[in-house]
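To start, the structure itself, in structure tokens.
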Amino acid sequence: MRIPVVSKDGKPLMPTKPARARKMIEAGVAKKCWSKTGVFYIQLLIPVGEKVQDMALAIDPGSKYDGYAVSGEKKTALKGMAIMPSKVSDKLTNRRELRQARRGRKTRQRKKRFDNRKRAFGWIAPSQLAKVQLRIKIVRDLVKIFPLNYLVVEDVRFNHSKNRWGKYFSTVEIGKTMLFFELEKHGEVIKYEGWQTAEARKQYGIFKSSAKDALVPYSHASDAVAMLCSAFGRNVDAECCIFIVWRRLEFARRSLHRQNFISGGIRPSFGGTTNGTFFRKGDYVSAKQGNKTFRGWVCGLPTEKTKVVAVCNAFGKRLGQCSVSKVKLLRRSTSVSWQFPPD
């Protein structure tokens, strides 16, 4: 395995072995740190040389899952997989229905902003923009802790005029220009097509799982490793490295009130990221419930009546409710959750 290293000034350096990182922490010349996407790294407390070797980040974008890999010329330092947001269009539909129903009631309303609404240049549908923004967020976080010179990405193309079965390809194609523009800011961009990635997997003997939804290192991350092998022109060791799964946090955002009618005609407010208390939804915390201690993300806020905080895991499953006094804040709202599945 390799642990990312950052200099005293925050400049990414070459990754190191866990044993050496442990010795530097014990000697007091480095400290433990975690990135916003949950990647553990160390930051040096003394000035050192800043000479680095070539490292590359490979991205295999997909309609529902993305694959990531960071590697040097010999070793792979990290493999990852991102679960794309999938409920944005449903939320927009629900919001539109509520807005249309509100127009039929005698309620206050704002005046129209302008007569016609014209989409700006480069407009992307919100459901697709959420996926592109998640990719960009992961890239920006990784370039802060790895000295990346090259960024390898699969350029998805499909002839929609000739074939009519490529709707999932269309999902990936939307917004790829925005992603390429972001990658060009951090290094040299190398583009591969789908058939080139498949040939690289065969050439270097890289196994890929046939299950698209399998959260394992041999699913979508295998395509990213294959692109790295082709870029470096040699087989990089990808057996022993960190594997992490990312997912955008999904919470009930602030609504005007609850949707269902309530006896008495007064509907209480619903949703929201904060309610004036110390914690906010999405905060990464450590909670203690009885003899059990677990870590997760805040999904339910304390009120004057309850005085408890609800905590969920990376996939939104509730782990438990704990008293405010037994919840410790580890990191403010990250907007991205992570999990380390077993190999």
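All of the numbers you see were taken from the coordinates with simple rules; none came from a lab. In this text, all values refer to a predicted model and were calculated from it rather than measured experimentally. Virtual Cβ from ideal backbone geometry, glycine too; neighbours counted across all protein chains shown.
So which helices of the chain fit the span-like rule, where a helix is a whole DSSP H run, its Cα atoms reach 20 Å or more along the axis, and its mean Kyte-Doolittle is at least 0.0?
Values: long enough: 88-103 (23 Å, -1.77); 126-142 (24 Å, 0.05).
Answer set is 126-142.
Hey, with R₀ at 25 Å, roughly what FRET efficiency would ARG140 and ARG332 work out to, going by the Cβ-Cβ distance, to 0.05?
Values: r = 17 Å, r/R0 = 0.68.
The calculated FRET efficiency here is 0.90.
More than 18 Å apart: what percent of Cα pairs in region 202-248 qualify?
On the way: 319 of 1081 pairs.
Everything past 18 Å amounts to 30 percent.
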*asked:* Taking the square root of 5 times each eigenvalue of the Cα gyration tensor, what semi-axes in Å does the equivalent ellipsoid of region 249-336 have, largest first?
replied: 25, 14, 11
*Of LEU330, LEU57, LEU98, which has the largest mean-square fluctuation in a 10 Å C-alpha GNM of the chain?*
LEU98
*Go ahead and collect, in residue order, the members of region 283-304 whose backbone nitrogen is under 19 Å from a label point 7 Å along the Cα-Cβ direction of ASN313.*
283-300
*In nm, spacing of pseudo-spin labels at ALA27 and ASP90 (7 Å Cα→C-beta vector)*: 5.3 nm
_If you take every residue apart from PRO268 with its C-beta less than 15 Å away from the C-beta of PRO268, what net charge results, scoring Lys and Arg +1 and Asp and Glu -1?_
+3
*Would you mind telling me which residue in LYS51, LYS91, LYS11 has the biggest mean-square fluctuation in a Gaussian network model of the chain, where springs connect alpha carbons within a distance under 10 angstrom?*
LYS51
_Residues of type aspartates and glutamates that LYS31 reaches as a straight line, Cα spacing below 17 Å, ignoring anything fewer than 8 places off in the same chain_ = ASP9
_D_trans [Stokes-Einstein, Kirkwood Rh over alpha-carbon pairs] for region 1-52, 20 °C, 1.002 mPa s, µm² s⁻¹_ = 196 µm²/s
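Determine how many Å³ per residue the convex hull of the Cα atoms of region 79-121 encloses. Please report the intermediate quantities before stating the final value.
Details: hull volume 5.9 nm³, N = 43.
Considering the Cα atoms of region 79-121, their hull volume per residue is 138 Å³.
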*Quantify how much of the Cα-Cα distance distribution of region 167-243 extends past 21 Å, in percent.*
38 percent
*What percent do you get for the relative contact order of region 1-52 when only Cα pairs under 8 Å and 6+ apart count?*
40 percent
*May I ask you to list the aspartates and glutamates whose Cα is less than 12 Å away from that of LYS131, ignoring any residue fewer than eight positions away on the same chain?*
ASP66, GLU173
*asked:* Using a 7 Å offset from the Cα along the Cα-to-Cβ direction at both GLN259 and ARG295, what is the distance between the two label points in nm, to one decimal?
replied: 3.5 nm
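May I ask you to derive the relative contact order of the chain, considering only C-alpha pairs under 8 Å and at least 6 residues apart, and to give it as an integer percent? Could you put the intermediate results ahead of the total?
On the way: 627 pairs, mean separation 59.7, N = 343.
So the answer I get is 17 percent.
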*If you bin every alpha carbon distance in the chain into 20 Å steps from zero, what whole percent lands in each bin?*
25, 52, 21, 1
*Taking the Cα-to-Cβ direction at PHE207 and at ASN235 and moving 7 Å from each Cα, how far apart do the two end points lie in nm?*
1.3 nm
*Among the listed pairs LYS75/LYS208; LYS281/LYS317; LYS137/LYS185; LYS307/LYS328; LYS36/LYS307, those beyond 21 Å (Cα-Cα)*: LYS36/LYS307
